[in-house]
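One structure is given here, and the rest of the page talks about it.
Rule-based calculations on the coordinates, nothing more; no lab input. Bear in mind the structure is a predicted one, so any value in this text is a computation, not a measurement. Here the Cβ positions follow ideal geometry from the backbone for every residue, glycine too, while neighbour counts run over all protein chains shown.
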Amino acid sequence: MVYQKFGPAGELTPFVECYFSWESPEPLEKELVVESPPNSYCSIAINYGDPYFLQNKKYERLVVPQEFVSGLSIYSYKLTLKGTIGITGVVLKPSALATLFGLNAFELTEERIDLFSVLPQDYVQKYVTQIRQTATVHQKVKLLEELLLHHVRLNRPNPDYIDAAANLILEKNGMLHVADLLKDSCMSRRTFERRFFQKVGLSPKYYARIRRIFFICNLVAGKKKVNWPEVFYEAEFYDQAHFIKDFEEFTGRTPQQYLRDNAELANLIEKPKMQNLP
């Protein structure tokens, strides 16, 4: 399996973390289950391989739409794949679904929604068809970026302080105080939290907790042994009990159980480096 990541064009950086491509050169010999930790991003993806399934706290076995929008994933989830893997997608920053597309972020939390049910079909269909038909990964990713650029130039979205605050939580890996975000907001705490919820679908404090757990899972991804005290200090937890409580809440397991049992993609592939599109 080959997993690749690509950086976005400059004008899309307020909204886009990266693009990705995940392909299997040959059909899988047997069913594959891949796990993902709580996710501090949203996404749009085009599947040109075989259908696959999602299992999370909401769904036991959801057939994932071939083209979909996904909101934040609060808890760990699993994907069950078979046949050929062929997916191109964009990883979106936490408020992008609301600011860029005017979507209700809360309604998309823990969901995979058909792309054509939420975005204009007139130009989306054109790009989806071309992505399916074109041969190379770079061409597919460039077409996905063109779709986003088309939407940005058509609708002229205007990121505000809430977008900046959400992106700062992302950048700081959840390791900051909500009170610090209020200092330059010119808003009361109640107004700030209400507007943040409207754009991200979660409160700022809860989103920061998820982001910190994602950071920890990323630190230990692909490893067989971990110095857990070093990890929870690096993630700025005050004590081990607090760390374990949060970790169990969002992953459903203790840190040691997670390390022993998780089936993340990082265990199957080399960690990809970010590439620039030609």
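Pairwise Cα distances in segment 161-261 exceed 17 Å in 53 percent of cases. Could you run the Debye sum over the Cα atoms of segment 100-206, one equal point scatterer each and no solvent, and tell me log10 of I(q)/I(0) at q = 0.10, 0.14 Å⁻¹, two decimals? Values, matching the q order: -0.41, -0.73. Its residues counted as N, segment 2-158 yields a C-alpha radius of gyration over 2.2 N^0.38 Å of 0.99.
As a proxy for reagent exposure, ranking Y238, Y41 by other Cβ atoms within 10 Å from fewest up yields Y238, Y41. Does the chain come out rounded, prolate or oblate by the C-alpha gyration tensor, with a ≥ b ≥ c the root eigenvalues, rounded set by a/c under 1.5 and, if not, prolate when a/b is larger than b/c and oblate if not? Judged from the Cα gyration tensor, the chain comes out oblate (a/c at least 1.5, b/c at or above a/b). If the segment from T80 to L259 were pulled out straight at 0.36 nm per residue, it would be longer than the present Cα-Cα gap by 62.5 nm.
With a 10 Å cut-off between alpha carbons and a GNM built on the chain, which of T109, T134, T84 moves the most? Of T109, T134, T84, the Gaussian network model singles out T134 as fluctuating most. Taking 0.36 nm per residue of separation and subtracting the Cα-Cα distance, full extension of the segment from T13 to E60 would add 13.5 nm.
Under 15 Å from the Cβ of E270, count the other residues' Cβ atoms, weight Lys and Arg +1, Asp and Glu -1, and hand me the total. Taking every other residue near E270 into account, the sum is +2. Going by neighbour counts of Cβ atoms within 10 Å, the residues D50, D246 line up, fewest first, as D50, D246. Measuring spread by the Cα atoms of segment 87-134 yields a radius of gyration and Dmax of 11.9, 34 Å. If you keep only loop residues by DSSP, which GluC sites (Glu not before Pro) in segment 163-248 have at most 15 other Cβ atoms within 10 Å of their Cβ? Listed in order of number, the matching sites are E236. Among residues other than R209 whose Cβ falls under 10 Å from its Cβ, what is the net charge (Lys/Arg +1, Asp/Glu -1)? Result for the neighbourhood of R209: +1. Mean-square fluctuations from a GNM of the chain, with a 10 angstrom spring cutoff on Cα atoms, peak among P94, P14, P229 at P229. Pairs from the list K82/K271; K224/K271; K140/K199; K82/K273; K30/K78 with a Cα-Cα gap above 18 Å: K82/K271; K140/K199; K82/K273. If a spin label sat at a point 7 angstrom from the Cα of A179 along the line to its beta carbon, the backbone N atoms of segment 228-257 nearer than 19 Å would be those of 236-239. Full extension of the chain between Y123 and L28 yields a length gain of 30.9 nm, computed as 0.36 nm times the residue separation minus the alpha carbon distance. Give the cross-link partners of K183 among the lysines, using a straight C-alpha distance below 16 Å as the criterion and excluding same-chain residues fewer than 8 apart. Within reach: K205.
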